[in-house]
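Heads up: the structure comes next, in structure tokens.
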Amino acid sequence: MTVARRALIVQYVLADGWTSAEAAAAFGVSERQVDVWVADFRRSGMTSLRRAPSRKFAIEILRLAIERSISGAARRITNSLRRLFAGERLLQPLPPRRLNDDRRGRD
């Protein structure tokens, strides 16, 4: 059902005095659905007529979020493996320095 069609149904009920049952029968929807649209319109006005996000949209957002988290984890693993096998040298401790004072007590 398009936004314009829902607006027309709400207009018939609120402005023209149709009952929910008459509007539902005329447009082939349930009376309960007409009541919901009218109540939403009274509460929120014209913004209530816009379509609610579909389930497919929510699933698509979820899929993208999962792909991003997996790709981020894969990127971190790849970088770790690259550092491990690329031959990067690990830091070696410096040899201890000998100071002139180390020979104290000797001639």
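Are there any pairs with C-beta distances below 9 angstrom linking a residue in the stretch 1-26 that is free of Cβ contacts under 8 Å to residues at least 24 places away in the same chain to a residue that is of a type in the set (Gly, Ala, Ser) and open to solvent by 60 Å² or more (accessible area, probe 1.4 Å), with the two at least 6 apart or on different chains, and if so which?
Filtered contacts from the stretch 1-26: TYR12/ALA26; TRP18/ALA26; ALA24/SER30.
If ILE70 satisfies every condition in (1) touching a helix residue (DSSP H, G or I) at 6+ places or on another chain (Cβ under 7 Å); (2) part of a helix (DSSP H, G or I) but one, which is the exception?
For ILE70, the exception is condition (1).
Would you call PHE57 of a type in the set (Phe, Trp, Tyr), modelled with pLDDT under 75 and either loosely packed, with under 10 Cβ neighbours inside 10 Å or closer than 20 Å to THR2 by Cβ (or both)? Don't jump to the end; show me each part of the working.
Values: of a type in the set (Phe, Trp, Tyr): yes; modelled with pLDDT under 75: yes; either loosely packed, with under 10 Cβ neighbours inside 10 Å or closer than 20 Å to THR2 by Cβ (or both): yes.
Here the answer is yes, as PHE57 does meet what is asked.
Can you tell me which residues in the stretch 19-32 are assigned to a helix (DSSP H, G or I), open to solvent by 60 Å² or more (accessible area, probe 1.4 Å) and closer than 14 Å to ARG5 by Cβ?
Initially, the stretch 19-32 is screened for residues assigned to a helix (DSSP H, G or I), giving 20-27, 31-32.
Within this subset, residues satisfying the condition of being open to solvent by 60 Å² or more (accessible area, probe 1.4 Å) are 22, 25-26, 31-32.
Result: ALA26, single match.
Which residue, of ASP16, ASP35, ASP40, is modelled with pLDDT of 90 or more and surrounded by 13 or more Cβ atoms within 10 Å (Cβ to Cβ)?
The match here is ASP35.
Please specify each residue of the stretch 85-107 satisfying the condition of being among the aliphatic types (A, V, I, L, M) and at pLDDT 75 or above.
LEU94
The values are calculated or read from the model by the stated rules, or taken from the named source; none is laboratory data. Remember, it's a predicted structure, so these values are computed and weren't measured experimentally. So basically every Cβ, Gly included, is an ideal-geometry build from the backbone, and we count neighbours across all protein chains shown. For the accessible areas, the whole protein counts, side chains as well, though only heavy atoms, and no ligand, DNA or RNA atoms are used. Shrake-Rupley method; radii C 1.70, N 1.55, O 1.52, S 1.80 Å.
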